[in-house]
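Down below is the structure, laid out as structure tokens.
The values are calculated or read from the model by the stated rules, or taken from the named source; none is laboratory data. Computed from a predicted structure; not experimentally measured. Heads up, the Cβs are rebuilt from the backbone with ideal geometry, glycines too, and the neighbour counts pull from every protein chain shown.
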């Protein structure tokens, strides 16, 4: 069987199956974009068929692209499954074990009435389920008569409400910060594109969010699209990206502005011809188009992991919509270190707009320019725990990733480390099956060995402990975060070493940036060759 489920995916399935034994049958799972919702419900369908006594599984998808993805994943999980598709002219449900159907087709009474013997309903992008069409379809198939229903979404929010009428409980949630910490998603760094001439106060609200047409006109009239193009050249010239806009006209104009500054860009929108849209998406996948601009058609079902820049040129009051947009850029891919979020801002606004901190449900304070989501969260945790940590670290005040004098780095696989001058570095290893970490030291002469106080600690505390040990083991021998040399131009020797190592150096990198790349490569290679001792 392909697509072996990850540990949290197994937990999500178990939470649903346990939840259905408690008397509630309409249950939801919230997983961040990139967590593999389709893999989870494909395994769920495969596991549940034996207990349905001959009845079938119905998967309800919101968009055409999601139908194809779901059918492909179901067959990858179990190639022997009979998967039928019901949409438009397709009506392959008669002998199927699992039926994947579009909500638009099921909205037609005669089409849904032809489908019999449904014992499990799976709803993809289930934040749409409060809509009248979904309610009618779910009622028809027995959702209010005890048939188990599993809903999957990245965000259980809907600006006009009503979801509580459908879903009785959310039985499993995974926060985006957990996904980033575990290496399943890329960290994201935000930068505001402030357009002083963009006055969002003149844009009205309808249905809980800014009106698309008025918002599009405000963006076009203010010169915001040219500002976006300039910002893309300045901050993301080497990144493939997606721009979200409120209208088709704005998407087309944004693509034109990007092309005018030398960025290969193309628009996509909902009513675009099917073949033309497929061709454009294929060009983006192949690297022939660097940036896609779109009128809100890529918020669901779009899977291009190499995307490393997201431009939110559709300011929104909906955290759910914001998560859907930004999530398109967080999937990991070879050579991808992080995702860059360019957030279009206007002059002071009366509207409370969603921002980067809304990607997580945790309270982490305000995002700061240049800091990633994980850095903001960890700094918040560190600030909260600073008083408790002080007694254990001899009252030395440590503000992780903030005022710390030490330069922290991570390898490509997510291992935190501090390089000390000479052939030594300190790093953290995670205890299997937990969110606790232990310190390890590596030297050229002695390899890996643990400290005397080999205690597993939560990540913020472990980072603080590691920093303290660096100062004890090698006072002044660590890489200083604010060293003056770090701001200078890279040396010829540095660049030559990067070429020999096969390390790509982004444009506008400083000497410090290049030194970090070299350290990350070297430490990653060393750790990759080690068999670490059991914790």
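Being surrounded by fewer than 22 Cβ atoms within 10 Å (Cβ to Cβ) and more than 17 Å from residue 31 (Cα to Cα) is the filter; apply it to segment 149-167 and report the residue that is modelled with the highest pLDDT. Selected residue: 165. Of all the residues in segment 192-205, those that are surrounded by fewer than 17 Cβ atoms within 10 Å (Cβ to Cβ) and either under 28 Å from the mean Cα position of the chain (by Cα) or under 26 Å from residue 287 (Cβ atoms) (or both) number 3. For segment 33-41, the condition of being in the same structural domain as residue 154 (by TED's automatic domain parsing) and free of Cβ contacts under 8 Å to residues at least 24 places away in the same chain holds for none of the residues. Going through (1) in contact with a strand residue (DSSP E or B) (Cβ under 9 Å, 6 or more places away or on another chain); (2) in a loop (DSSP other than H, G, I, E, B) one by one, residue 250 falls short only on (2).
With the condition kept exactly as written, say whether any residue in segment 141-152 is more than 30 Å from residue 114 (Cβ to Cβ) and in contact with a helix residue (DSSP H, G or I) (Cβ under 7 Å, 6 or more places away or on another chain).
No.
Residue 231 - would you say it is within 25 Å of residue 266 (Cβ to Cβ), modelled with pLDDT of 85 or more and either in contact with a strand residue (DSSP E or B) (Cβ under 9 Å, 6 or more places away or on another chain) or assigned to a loop (DSSP other than H, G, I, E, B) (or both)? So residue 231 fits the description; yes. Within this structure, residue 79 fails the test of being assigned to a loop (DSSP other than H, G, I, E, B) and either under 30 Å from residue 270 (Cβ atoms) or under 22 Å from the mean Cα position of the chain (by Cα) (or both).
Can you spot a residue in segment 107-120 that is surrounded by fewer than 22 Cβ atoms within 10 Å (Cβ to Cβ) and under 29 Å from the mean Cα position of the chain (by Cα)? Looking through segment 107-120, none of the residues is surrounded by fewer than 22 Cβ atoms within 10 Å (Cβ to Cβ) and under 29 Å from the mean Cα position of the chain (by Cα). Answer yes or no as to whether residue 499 is modelled with pLDDT of 90 or more, more than 29 Å from the chain's Cα centre (by Cα) and farther than 20 Å from residue 413 by Cβ. Yes: the conditions hold for residue 499.
Residues satisfying the criterion are absent from segment 65-73 (criterion: touching a residue at least 40 places away in the same chain (Cβ under 8 Å), surrounded by fewer than 16 Cβ atoms within 10 Å (Cβ to Cβ) and either within 17 Å of residue 28 (Cβ to Cβ) or under 29 Å from the mean Cα position of the chain (by Cα) (or both)). Selection over segment 424-461 of residues that are in contact (Cβ under 8 Å) with a residue 12 or more places away in the chain, touching a strand residue (DSSP E or B) at 6+ places or on another chain (Cβ under 9 Å) and closer than 15 Å to residue 182 by Cβ gives a count of 8.
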